[in-house]
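Laboratory data are not the source of any read-out in this text; all were calculated from the coordinates shown. Since the model is a prediction, treat every value here as computed from it, not as a measurement. Heads up, the Cβs are rebuilt from the backbone with ideal geometry, glycines too, and the neighbour counts pull from every protein chain shown.
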């Protein structure tokens, strides 16, 4: 009987894990939240084409579901600000007990590289 329970539990966890991995925006498990966000929010093509440079400062919290809740955002350019907001709203983090509800600050610098 114990073996049947163990096998059933394993099967349920396996099925749940497969469905979790198939999710449209599966959560990301970064060790360093800001480092991960800086890797995800890259220099936008429209800014490269227009020679646009600037910065966006964001204060955010991680929601219970891993969503990024933007609290404060300041930017040198409205287009960069809109771009960062759209990118952050599509990122799903893994909500660690220590990160949920805590405020984090990150600065996105968009600079042109010399050619």
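Points worth noting:
- If you plug the beta carbon distance of residue 45 and residue 105 into 1/(1 + (r/R0)^6) with R0 = 22 Å, you get a FRET efficiency near 0.25.
- Compactness relative to 2.2 N^0.38 Å, alpha carbon Rg of segment 27-110: 1.08
- Model label points for residue 64 and residue 32, set 7 angstrom from Cα along the Cα-to-Cβ axis, are 3.1 nm apart.
- Gyration tensor verdict on segment 61-115 (Cα atoms; rounded if a/c is under 1.5, prolate if a/b is larger than b/c, oblate otherwise): prolate
- Distance between the pseudo-spin-label points of residue 90 and residue 3 (7 Å out from Cα toward the beta carbon): 5.0 nm.
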